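Trainee: Can you read through this structure? Questions will come right after.
The values are calculated or read from the model by the stated rules, or taken from the named source; none is laboratory data. Note that this is a predicted model, so its numbers are computed, not measured. Cβ: placed from backbone, ideal geometry, glycine included. Neighbour counts: every protein chain shown.
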Amino acid sequence: MKIKTAQSKDLERLYSFYDEVIAHQKLDEYSPEWTKDVYPSRNDLESFIENDSFYFVEEDQDIAAACVTRLHEDEIYLNANWSRKFEENEIAVLHLFAVHPSFRRKGYSDKLLKYVIEDNRNKVKTIHLDVLKGNLPAFRLYEKIGFTYIGEYEVYYPDTGTIVVDLLEYIY
């Protein structure tokens with residue numbers, strides 16, 4: 001197992017990874033309800049590779065898990081009631097966290113999250129994220145790793161519309 005930071009040569013593999021995760025959503029009890037070519041689109045992934053920290057776990061040439069951290073607060077969270085106020089450059093937001101169906105329940109999510117937290121330790125003071133309301137496995141994972149529940153929050157995503165999420169934060 002290797003955790004890597006994505007480069008442009010990884011774009012097609014990451015696109016296929018998210019395509020497979022999206023295709024499997026209908027079989028999952030909880031899913032992010034992403035829509036192929038809406039979110040994440042190939043352009044989104046390309047932009048994340050170029051501008052952000054795009055991490056993935058590789059196992060025998062397959063991508064087992066992936067996620068993105070973007071520096072600065074996400075616009076949708078500007079009215080959220082976070083536990084502490086931070087400057088824009090002190091915040092990272094976790095996006096697109098997914099584990100491939102073939103690699104679930106094998107500890108990849110723990111390892112990837114711990115790596116992301118450690119990699120961002122000297123870059124920011126907090127990491128923000130949201131989890132679909134009711135997605136208890138994801139919620140428990142984040143809490144186990146050290147994220148703190150902030151509360152419910154209503155967000156609008158182009159592919160899902162307005163939804164209620166649970167906000168969580170990790171403070172260094």
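Trainee: Out of all the residues in the range 45-93, which are surrounded by 15 or more Cβ atoms within 10 Å (Cβ to Cβ), over 24 Å from LYS111 (Cα atoms) and not acidic (Asp, Glu)?
Mentor: Residues satisfying the conditions are SER47, ILE76, TYR77, ALA80, TRP82, PHE86.
Trainee: Residues in the range 121-172 that are in a helix (DSSP H, G or I) and either hydrophobic (A, V, I, L, M, F, W, C) or under 13 Å from the mean Cα position of the chain (by Cα) (or both): how many? First the steps, then the outcome.
Mentor: Restricting attention to the range 121-172, the residues satisfying the condition of being in a helix (DSSP H, G or I) are 136-145.
Filter once more, so that each one left must be either hydrophobic (A, V, I, L, M, F, W, C) or under 13 Å from the mean Cα position of the chain (by Cα) (or both): 136, 138-139, 141-142, 145.
Selection size over the range 121-172: 6.
Trainee: In addition: Scanning for something in contact with an Asp or Glu (Cβ under 7 Å, 6 or more places away or on another chain) and either buried (at least 16 other Cβ atoms within 10 Å of the Cβ) or without any contact (Cβ under 8 Å) to a residue 60 or more places away in the chain (or both), does the range 12-23 turn up at least one residue? Working first, answer last.
Mentor: To start, the set of residues in the range 12-23 that are in contact with an Asp or Glu (Cβ under 7 Å, 6 or more places away or on another chain) comprises none.
Within the range 12-23, not a single residue is in contact with an Asp or Glu (Cβ under 7 Å, 6 or more places away or on another chain) and either buried (at least 16 other Cβ atoms within 10 Å of the Cβ) or without any contact (Cβ under 8 Å) to a residue 60 or more places away in the chain (or both).
Trainee: Let me ask something else. For the subset of the range 135-157 comprising residues that are within 15 Å of TYR77 (Cα to Cα) and of a type outside the set (A, V, I, L, M, F, W, C), which member is modelled with the lowest pLDDT?
Mentor: For the range 135-157, the residue satisfying everything is TYR157.
Trainee: For the range 1-9, state whether one or more residues are out of contact with any Lys or Arg (no Cβ under 8 Å at 6 or more places or on another chain), polar (S, T, N, Q) and at pLDDT below 95. Walk me through it before giving the result.
Mentor: Narrowing the range 1-9 to residues out of contact with any Lys or Arg (no Cβ under 8 Å at 6 or more places or on another chain): 2, 4-9.
Imposing the further condition that a residue be polar (S, T, N, Q) reduces the set to 5, 7-8.
Restricting the remaining residues to those that are at pLDDT below 95 gives none.
Scanning the range 1-9 turns up no residue that is out of contact with any Lys or Arg (no Cβ under 8 Å at 6 or more places or on another chain), polar (S, T, N, Q) and at pLDDT below 95.
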